[in-house]
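The values are calculated or read from the model by the stated rules, or taken from the named source; none is laboratory data. Small disclaimer: the values here were computed from a predicted structure and weren't measured. Note that each Cβ is placed from the backbone with ideal geometry, even for glycine, and that neighbours are counted across all protein chains shown.
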Amino acid sequence: MYTEEAAPQEWARTQNNLGIAYASCPRATGARTCAAPSSAMRRRCGYTEEAAPRDWAMTQNNLGTASGHLPTGDRGENLRRAIECYEAALRVWTEEAAPQDWAMTQNNLGNAYANLPTGDRGENLRLAVECYEAALRVYTEEAAPQEWATTQNNLGLAYGDLPTGDRGENLRRAIERYEAALRVYTEEAAPQDWAMTQNNLGIAYANLPTGDRGENLRRAMEYYEAALRVYTEEAAPHDWAMTQSNLGAAYQKLPTGDRGENLRRAIEHYKAALRVRTEETAPPGGRNPEQPGDRTATCRRATGARTCGAPSSATRRR
């Protein structure tokens, strides 16, 4: 049996792994169980920055991930705590000494800033963009294609949400990032990520204020229709309903073609979405389907918590 007194390093590694196990628990098990990792790790892990800097940094990153996903308490405070943990990890994980860990933490820090509900929204997203761009100095398409695509998608989300600057230019940049991600996310190799990015591209084109409005909406519909090849009502009902709603909004706003036929199709898609989105299951204060928040719960990807194995190795978790 590992005890803190007799085997402090093994005890600390096991505490870290226990925290990750709690953090990975399904939401259905309840907030009390899922809230355990951050409090448990903070109180009980024996790593210090001085004595075990790499393990300390790993645990700081994991604490950040746990805090950022905590479903209870104040959302802004949880994300502020996550930011503090990621920034602490970066005191040890530098671009020169630990480039992969540094890039992972930059991406996760970007996610925390992008999701932060408090403070200046434009400034938060600007900081998120900086973190994602920093991660891409290490994550290249050739050397780390999955992480590169994840970060490209995250950048697209940040540019699409950005409330400052030129709206058309921001969305053009978002489109470029999503298209880049699709060089890795293919329908065959990564269908869920491919469908997610197709939907995000549809949202970007639907909101694009420049160019031909009818053509932009036509392209948006093509991307939504593509996403529905993966998002089926049976396999992914909530993503399917979201995309059906997005299609309805695109048809409703389409300025070309037969107006009556467009509205009839919009109604069909909205009614389809309502097979899943019922009064009981839909969240309160519903969103405009073309607004950036109405995507999927997994659009903004983290590059993972760290599990302790032997002292010299760790495995990456998404």
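Looking at segment 65-83, I want the residues that are over 13 Å from residue 108 (Cα atoms) and basic (Lys, Arg) and have a partner that is assigned to a loop (DSSP other than H, G, I, E, B) and at pLDDT 95 or above with Cβ atoms under 9 Å, at least 6 apart or on another chain. Which pairs are those? What qualifies is 75/116; 75/117; 75/118. The listed residues are 149, 134, 97, and the only one of them that is within 16 Å of the chain's Cα centre (by Cα) and either surrounded by fewer than 22 Cβ atoms within 10 Å (Cβ to Cβ) or part of a helix (DSSP H, G or I) (or both) turns out to be 149.
Of all residues in segment 152-202, count the ones that are of a type in the set (Val, Ile, Thr) and surrounded by fewer than 18 Cβ atoms within 10 Å (Cβ to Cβ).
Total satisfying the criteria: 2.
The combined condition, being among the small types (Gly, Ala, Ser), within 30 Å of residue 127 (Cβ to Cβ), modelled with pLDDT of 90 or more and buried (at least 21 other Cβ atoms within 10 Å of the Cβ), is not fulfilled by residue 76. If we keep just the residues of segment 110-119 that are surrounded by 21 or more Cβ atoms within 10 Å (Cβ to Cβ) and in contact (Cβ under 8 Å) with a residue 40 or more places away in the chain, which is farthest from residue 148 (Cα to Cα)? Ranking the candidates gives 116 first. Please determine, by comparing only the residues of segment 258-286 that are outside any helix (DSSP H, G or I) and modelled with pLDDT of 95 or more, which one is farthest from residue 240 (Cα to Cα). Here the residue is 258.
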